[in-house]
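I have placed the structure first, in the form of structure tokens, so that the comments after it can refer back to it.
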């Protein structure tokens, strides 16, 4: 079928009816962007076909491993994906999901931002701790000149973001300048800046502590920089957002499942900080014997979800229902199933149709 405005309209209509998703950048991607030549250093070049994206059983979904609000859009051919997170659970936007451990990191508010970051970060944010993927046949970033003209997919992303045509001779260096000055991909950029600084706690990044997205690595970084409140912030956020492997944060997981938790135990023992009753209960579950830990955390979140729902706070109830599956994960698939069933139920009650529809996909896939 010819890629045209008629095709764009059909895609938009299907996404609204299928997932209650209204996303112009995503529609433009399926209409034209997915066929364009990417940067030679881009890792995410294997796009999900539109028919598969809207299928009842999307083959790209890794049920129980991917967050239940995640719709994969483009992959690297090795199991990692850039995808859309739906609903209001965390940070609505496009995230990088890494299959080796399930770590997830926001790459942009729109798909265009995420594509731009995929194109430019290997060139301008070189680090000895890159994404844990084999570059395969993609060329080294050192082989790309910053003064060379941008590729077609980068131009597409810039055009969507800037809302006007990008100059014909636009270079990668100019594209990077535009990304920085417009604060596109800002959270992902700051995280990779932290990697370039070798995770140094004393490195300060203006505005980082004000990012509202529930990312454990921000709280951990604040704690390591001397603000113990950062560990409290990180404690309640999913361990899949801590990026502890890439930040080389080591602790005894047999003592506590989370880096922030292990730090807080030391601070409490030293009488440098006190915890409220809820944090104490949670930290106790995080420190349970490993064989009991997953069920203890999942059960705690499920109960808290029911309590919040009874109190009329559906937003808090929904977040707890999600964390029952994706705080530290589950050691049995039934744990994910219970989490998703409750997420679907509460999402429908509070009108988050996109989250309900996507979680149903994951639940169905889990049963296959």
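Just so you know, all these numbers are worked out from the coordinates, no wet-lab data involved. Remember, it's a predicted structure, so these values are computed and weren't measured experimentally. With ideal geometry, Cβ positions are generated from the backbone for all residues, glycine too; neighbour counts draw on all protein chains shown.
List of remarks:
- A full extension of the chain between residue 18 and residue 364 corresponds to an added length of 123.1 nm, given 0.36 nm per residue minus the alpha carbon distance.
- Here the Kirkwood formula, the inverse mean of 1/r across different C-alpha pairs, assigns region 224-368 a hydrodynamic radius of 16.2 Å.
- Among 319, 309, 28: highest mean-square fluctuation, GNM of the chain, C-alpha pairs under 10 Å: 309
- Calculated diffusion of the chain, Stokes-Einstein form, Kirkwood radius summed over Cα pairs, 20 °C and 1.002 mPa s, µm²/s: 100 µm²/s
- Relative contact order (%) - criterion: Cα under 8 Å, at least six apart; region: the chain: 16 percent
- Pairwise label distance in nanometres, residue 331 with residue 275, each label 7 Å out on the Cα-Cβ vector: 2.0 nm
- Potential lengthening between residue 290 and residue 315 on full extension [0.36 nm per residue; Cα-Cα distance subtracted]: 6.0 nm
- Inter-label distance, nm, simple model (7 Å from Cα along the C-beta direction), residue 159/residue 248: 4.3 nm
- Among 114-120, 80-86, 8-14, 310-316, the order from most to least packed when residues are scored by Cβ within 10 Å on average: 114-120, 80-86, 8-14, 310-316
- Efficiency of FRET from Cβ geometry, residue 181 and residue 10, R₀ 35 Å, rounded to 0.05: 0.45
- Distance (nanometres) between label positions extended 7 Å along Cα→Cβ at residue 145 and residue 45: 2.1 nm
- Overall Cα dimensions of region 270-344, principal axis frame, Å, largest first: 43, 31, 14
- R0 of 45 Å, Cβ-Cβ distance residue 173-residue 348: FRET efficiency to nearest 0.05: 0.40
- When 45, 344 are arranged by Cβ crowding within 10 Å, least crowded first, meaning fewest neighbours, the order is 45, 344.
- Highest mobility in the GNM of the chain, judged by mean-square fluctuation with C-alpha springs under 10 Å and restricted to 186, 345, 269, is found for 269.
- At q = 0.22 Å⁻¹, base-10 log of I(q)/I(0) for region 235-304 (Debye sum, equal scatterers on each alpha carbon): -1.04
- Here 273, 61 are placed in order of increasing Cβ neighbour count within 10 Å, fewest first, which gives 273, 61.
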